[in-house]
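The values are calculated or read from the model by the stated rules, or taken from the named source; none is laboratory data. Everything numeric here is computed off the predicted structure, so don't read it as measured data. Don't worry about glycine lacking a Cβ; one is built from the backbone with ideal geometry, like all the others, and counts go over all protein chains shown. We work out accessible area using only protein heavy atoms, side chains counted, and drop any ligands, DNA or RNA first. Shrake-Rupley method; radii C 1.70, N 1.55, O 1.52, S 1.80 Å.
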Amino acid sequence: MPPPIKLFLSLERRDRSGVTDLGQWDLTLPALFAIQDGVISTWLAGRIPSSAQLSLSVPHAVRQASWDAALFIKENDKRLENFLKKCAAVKDIAGLIFKIEVLQAVTSLRVHAEALLEAVISTSYLSENARKATHPLTGQISKVDTGAELVPFRFGSLTGRWKGVKPDDLADFMRESRLIDARTFVSTILTRSNVEALDTRPLDDALVHLARTGDFSTFRNLVEGWNSKQHVLVDFSDPQTIVVPDGATGYEIAVNWCRQYLQSVYELEQGVQEFLSSQVSIPLTPPFNSSIL
């Protein structure tokens, strides 16, 4: 197989306060999109501009640096040039992007299926009578349906105090949506009835402060102060509890279903890898861990 196309870069933030090491990240897709959009020259000059794909690929601190036009490739990191030489041999960058995205999607599916089997095997409590439960594939918490289901089990659910808004996530929402609208952001987290009971105006004030000053430390304090005053109760998943209709027998059925599901995902991943490898040189994931079965 030809050498894989993969790009890891060591990044840093450069601003008036100095240089901050931001670690090493996989920027394969952001770089390919930059080539496709004709802006890779900025990367070659050492600075990585903000983009939607970059935001999906890196944590908040790196996104923030890109938004501030302060995200740079470390000077001794020459891997971008080698990556571009490999890309020069690829005639269809858009096709390569699509194939990598497909591979990443099926890899994420495999990782989830492995974690699902491990969670079911390691569960510490069985429940046959639960008012609410968590769907293992969608994560949705709802009343337990006693009817026929394709997935023969659920995870449990617990009710507890909502921890509030994460400052990084709220700041990202403002940057990406260009909106000062905390209520809309909170609506993506809580139910409508819970949102209607909240006064989110202090969060809007915090966003205005951040937009005007760039002072993230004060913004974080304002958000955390608002969080401390909230008393909303929410349901969240309890992976230590498995909800099954027939006790121990239902547990065996749940474990067997997870093993079969994982095996089908392995077969799907292998088929996708074989197909993509025959089409273009791209990075493949390591072989799956069949011992988990």
### Summary
Everything considered on the Cα gyration tensor (a ≥ b ≥ c; rounded for a/c under 1.5, else prolate if a/b is larger than b/c, else oblate), the chain must be described as oblate
### Query
Under the classification rounded if a/c is under 1.5, otherwise prolate if a/b is larger than b/c and oblate if not, where does region 148-247 fall, given a ≥ b ≥ c as square roots of the Cα gyration tensor eigenvalues?
prolate
### Task
Return the loop-located trypsin sites (Lys or Arg not before Pro) in region 106-207 (DSSP other than H, G, I, E, B) with at most 16 other Cβ atoms within 10 Å of their own Cβ; answer none if there are none.
R131, K163, R178
### Query
Could you give the distance between the Cα centres of region 191-220 and region 8-42, to the whole Å?
29
### Query
Residue-wise, which Karplus ³J(HN,Hα) couplings in Hz belong to region 179-194, taking 6.51 cos²θ - 1.76 cosθ + 1.60, θ = phi - 60°, and x for glycine or proline?
10, 9, 8, 5, 4, 4, 5, 5, 5, 7, 10, 10, 6, 4, 4, 5
### Query
Rounded to the nearest 500, what is the chain's calculated 222 nm mean residue ellipticity when only DSSP H runs of at least 4 contribute -39500 (n - 2.57) each, over all residues?
-16000 deg cm²/dmol
### Task
Would you calculate the separation in nanometres between label points at S217 and K85, each defined as 7 Å from the Cα along the Cα-to-beta-carbon direction?
4.5
### Query
Karplus couplings for region 71-88 from phi (6.51 cos²θ - 1.76 cosθ + 1.60, θ = phi - 60°), rounded to Hz, Gly and Pro as x?
9, 10, 7, 4, 4, 8, 9, 9, 5, 4, 4, 5, 4, 5, 5, 5, 5, 4
### Loop-exposed GluC sites (Glu not before Pro) per DSSP, neighbour cap 16 Cβ within 10 angstrom, longest uninterrupted part of the chain
150-293
### Message
Under 5 Å between amide hydrogens, which residues at least 5 positions from I48 or on another chain qualify, with H placed 1.01 Å from N in the peptide plane?
### Response
L71, F72, I73
### Query
According to a simple spin-label model (label point 7 Å from Cα along Cα-to-Cβ), what is the distance in nm between V151 and D21?
4.1
### Message
Please report the projected area of region 1-154's Cα convex hull averaged over all directions, in nm².
### Response
14.1
### Task
Tally up the carbon and sulfur contribution to the accessible surface of the chain as a whole percent, 1.4 Å probe, everything protein left in place.
53
### Query
So how strong a dipole does the chain carry about its Cα centre when Lys and Arg Cβ are +1 and Asp and Glu Cβ are -1, to the nearest 20 debye?
620
### Task
Summarise the long-distance tail of P(r) for region 27-96 by giving the % of C-alpha pairs beyond 19 Å.
30
### Message
At 7 Å along Cα-to-Cβ for each site, give me the label-to-label distance between E252 and R14 in nm.
### Response
6.6
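In square angstrom, what is the accessible area per residue of the chain with a 1.4 angstrom probe?
56
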### Rounded Å value of the spacing that divides the Cα centres of region 166-187 and region 118-133
34
### Task
Restrict the search to region 205-259; then list the trypsin sites (Lys or Arg not before Pro) that DSSP places in a loop and that have at most 11 other Cβ atoms within 10 Å of their Cβ.
K229
### Message
Straight-line reach only, C-alpha to C-alpha below 20 angstrom: list the lysines that K6 could link to, leaving out same-chain residues fewer than 8 apart.
### Response
K74, K78, K85, K86, K91, K99
## Note on the structure
For the chain, the charge dipole (Cβ of Lys, Arg +1; Cβ of Asp, Glu -1; about the Cα centre) points to a positive end, and the Cα of F219, I141, L126 closest to that extreme belongs to F219
